[in-house]
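So the structure is just underneath, and the comments pick up after that.
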Amino acid sequence: MRTWILPEYIDDILPAEAARMEFLRRRMLDLFATWGYELVMPPLLEYVESLLTGTGHDLDLRTFKLVDQLSGRMMGVRADITPQVARIDAHLLNREGVTRLAYTGSVLHTRPATPAATREPIQIGAEIYGHEGVESDLEIQRLLCKALEICGVRGARMDVGHVAVFRALVVKAKIPAGLESELFESLQKKDVPGLRELVGAARGLDRASREALLLLPELYGGVEVLAKAEKSLPRLPQISDALSTLKRLAKVCPIPMSFDLAELRGYHYHSGVVFDAYCDGVAGPVARGGRYDEVGKAFGRSRPATGFSMDLRELAGAAAPIRERDPILSPAPNSDVKLAKKIAALRASGEVVIEELPGHEKFRAELGCTRRLAKKAGAWTVQPIKR
């Protein structure tokens, strides 16, 4: 076996990509801070009871598990940082008012989310706790749009759904858990023939509920979809509230927005609005988010919550190029005080200065320097390197 080969879907991040990712990470964390989001750093490992509480079956399957050699208890490597941040809000901060938190770090998946995805995404995101109104949904989406803007992505757009629509239909029709799960799977796969078969074979399902369930896959498109849904779906309070929320979001979103009322991603985890953001250059979503009011309850303290997360690797592939000046090559200052001061001044101004070590002159091209520090008339000045 070649000892340098990495596991499948696990990759090194080399200098150029690492520089782009770190540049974006700093810009977004600075942005989040100016909006009042405080940075937290949860651990990579937790006991599975804490790590997977209230998150649903999907996250359980994506989580690597191992036995803690100190306690003998089962631990998990986090597959998503959001539940950890919810735990911090519920158990450690214990604030009564609104809390805004930001985070970034690696997560690990047992399987890649898509054939081209890594199993080690690097997440960055922001969450609001303690407010259940549409205003916090609006804020989190505006923050996401601003983050995409400062990253310089092209063609940003958002696809939005609301899990309360399907959930309200299930409750109204008293659909048993087994059938609910099958309907959910058909809607997620956009399997309209399968959905028709399930609805047609369901016993005790009234006509209005049948028609509403079959209509959900058709409720996809622009803001006109919301008017169609309002006219065609049963007039239930939960559905009316959901459509009202989506209308509010449509009015203020600064990027193109489409709606999909059959979108049930994270159905057992999310409780309201769900959204995916897309951009040119990335095959799947560049960001995902939504409302998840029930997770805090699983930690013993019910707190409404909404937020989003992004994968820095995916984002770096679509972001605008970083425009940086090439490094400056310099002799080692040794005892030359003037040279040392010049190097320090250049670095303080944001320039990259690389000190050349003895014996490596023939490898200068690998450093990528296009300028050098040279002594002219007794002063050290920056001069172009002649090729």
| Which condition does residue 291 not pass, out of (1) farther than 27 Å from residue 154 by Cα; (2) touching a Ser or Thr at 6+ places or on another chain (Cβ under 8 Å), if it passes all the others? | (1)
| query | Any idea which of (1) under 28 Å from residue 131 (Cα atoms); (2) hydrophobic (A, V, I, L, M, F, W, C); (3) surrounded by 15 or more Cβ atoms within 10 Å (Cβ to Cβ); (4) more than 15 Å from the chain's Cα centre (by Cα) is the one residue 41 doesn't satisfy? | reply | (3)
| request: Keeping to the range 72-86, report how many residues are in contact (Cβ under 8 Å) with a residue 60 or more places away in the chain and either surrounded by fewer than 21 Cβ atoms within 10 Å (Cβ to Cβ) or farther than 19 Å from residue 304 by Cα (or both). | output: 0
| remark: Residue hits (the range 1-43; under 15 Å from residue 86 (Cα atoms) and either among the aliphatic types (A, V, I, L, M) or in a helix (DSSP H, G or I) (or both)) are 39, 40, 41
| remark: In the range 187-239, anything surrounded by 17 or more Cβ atoms within 10 Å (Cβ to Cβ) and of a type in the set (Gly, Ala, Ser) is listed as 202, 209, 212, 229
| field | Matching residues, the range 119-137, being within 15 Å of residue 309 (Cβ to Cβ) and among the β-branched types (Val, Ile, Thr) | value | 122, 124, 128
| query | What is the number of the single condition among (1) modelled with pLDDT of 90 or more; (2) surrounded by fewer than 12 Cβ atoms within 10 Å (Cβ to Cβ); (3) outside any strand (DSSP E or B) that residue 61 does not meet? | reply | (1)
| query | For the range 311-344, what are the residues that are of a type in the set (Gly, Ala, Ser), surrounded by fewer than 18 Cβ atoms within 10 Å (Cβ to Cβ) and within 39 Å of the chain's Cα centre (by Cα)? | reply | 317, 320, 344
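Here is a yes/no grid of residues against (1) at pLDDT below 95; (2) surrounded by fewer than 18 Cβ atoms within 10 Å (Cβ to Cβ); (3) among the acidic types (Asp, Glu):
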| site | (1), (2), (3) |
| --- | --- |
| 67 | no, yes, no |
| 101 | no, no, no |
| 111 | yes, yes, no |
| 116 | yes, yes, no |
| 143 | no, no, no |
| request: Check 353, 337, 382 and return the single one that is over 18 Å from residue 326 (Cα atoms) and among the β-branched types (Val, Ile, Thr). | output: 337
| Looking at the range 256-361, what helices (runs of 4 or more DSSP H) fall wholly within it and have at least 2 residues that are more than 20 Å from residue 23 (Cα to Cα)? | 295-298, 337-348
| remark: In the range 174-186, anything over 19 Å from residue 263 (Cβ atoms) and loosely packed, with under 14 Cβ neighbours inside 10 Å is listed as 174, 176, 177, 178
| task | For the range 326-371, enumerate the residues that are farther than 16 Å from residue 384 by Cβ and either among the hydroxyl-bearing types (Ser, Thr, Tyr) or touching a residue at least 60 places away in the same chain (Cβ under 8 Å) (or both). | result | 335, 349
| request: Filter the range 250-261 down to residues that are surrounded by fewer than 23 Cβ atoms within 10 Å (Cβ to Cβ) and either in contact with a helix residue (DSSP H, G or I) (Cβ under 7 Å, 6 or more places away or on another chain) or among the aliphatic types (A, V, I, L, M) (or both) and give me whichever is nearest to residue 233 (Cα to Cα). | output: 250
| query | Do you know which of the residues in the range 146-158 that are crowded, with 19+ Cβ neighbours inside 10 Å and either among the aliphatic types (A, V, I, L, M) or modelled with pLDDT of 95 or more (or both) is farthest from residue 180 (Cα to Cα)? | reply | 153
| said: Just to be sure I understand, how many residues within the range 44-58 are assigned to a helix (DSSP H, G or I) and crowded, with 19+ Cβ neighbours inside 10 Å? | reply: 1
| note | In the range 198-242, anything over 15 Å from residue 167 (Cβ atoms) and among the hydroxyl-bearing types (Ser, Thr, Tyr) is listed as 220, 232
| request: Determine if the range 301-310 includes at least one residue that is among the β-branched types (Val, Ile, Thr), within 30 Å of residue 103 (Cβ to Cβ) and surrounded by 14 or more Cβ atoms within 10 Å (Cβ to Cβ). | output: yes
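The values are calculated or read from the model by the stated rules, or taken from the named source; none is laboratory data. Just so we're clear, the structure is a prediction, and the values are computed from it rather than from any experiment. Glycine also receives a Cβ, built like all others from the backbone with ideal geometry; neighbour counts cover every protein chain displayed.
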